[in-house]
1. How far is it, in nm, from the label point at V14 to the one at D2 when both lie 7 Å from their Cα along the line to the Cβ?
2. What angle do you read, to the nearest 10 degrees and between 0 and 90, between the alpha-carbon axis of helix 16-37 and the longest principal axis of the chain?
3. Give the angle, between 0 and 90 degrees and rounded to the nearest 10, that separates the Cα long axis of helix 2-14 from the longest principal axis of the Cα atoms of the chain.
4. Could you give me the ³J(HN,Hα) list for region 66-74, computed from phi with Karplus coefficients 6.51, -1.76, 1.60 and θ = phi - 60°, whole Hz, x at Gly and Pro?
5. Once every DSSP H run of n ≥ 4 in the chain is given -39500 (n - 2.57) and the sum is divided by its residues, what mean residue ellipticity at 222 nm do you get, rounded to the nearest 500 deg cm²/dmol?
6. V65 to K30: extension gain in nm, 0.36 nm per residue of separation minus the Cα-Cα distance?
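Values in this text are rule-based calculations from the coordinates and carry no lab data. Since this is a predicted model, take the numbers as computed values, not measurements. As a convention, Cβ positions derive from the backbone with ideal geometry for all residues, glycine included, and neighbour counts pool all protein chains shown.
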Amino acid sequence: MDNLMYLIGAGVAVLTGLGAGIGIGIATGKSAEAISRQPEASGKIQTVFFLGIALAEATAIYGFVVALLLIFVK
């Protein structure tokens, strides 16, 4: 029973990847829309876009690391 709780926690921790995927998808769509409206500002838009993607992906990596820790380090 105790081992089952670790596995449930790991499954919940991996769900952070779902949020990151949704966030990156929304950011991609909005940045493409912004670049199409103002092509001259594409450099600044891409910079902010890549920073946002890095932060969103970091949360997914943190969730993955927590899940691995829950599975392998008890």
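1. 2.3
2. Relative to the chain, helix 16-37 is tipped by roughly 0 degrees.
3. Tilt relative to the chain: about 0 degrees.
4. Result, rounded to whole Hz: 4, 5, 5, 5, 5, 7, 9, 10, 10.
5. Computed ellipticity for the chain at 222 nm equals -31000 deg cm²/dmol.
6. This chain segment gains 9.7 nm when fully extended.
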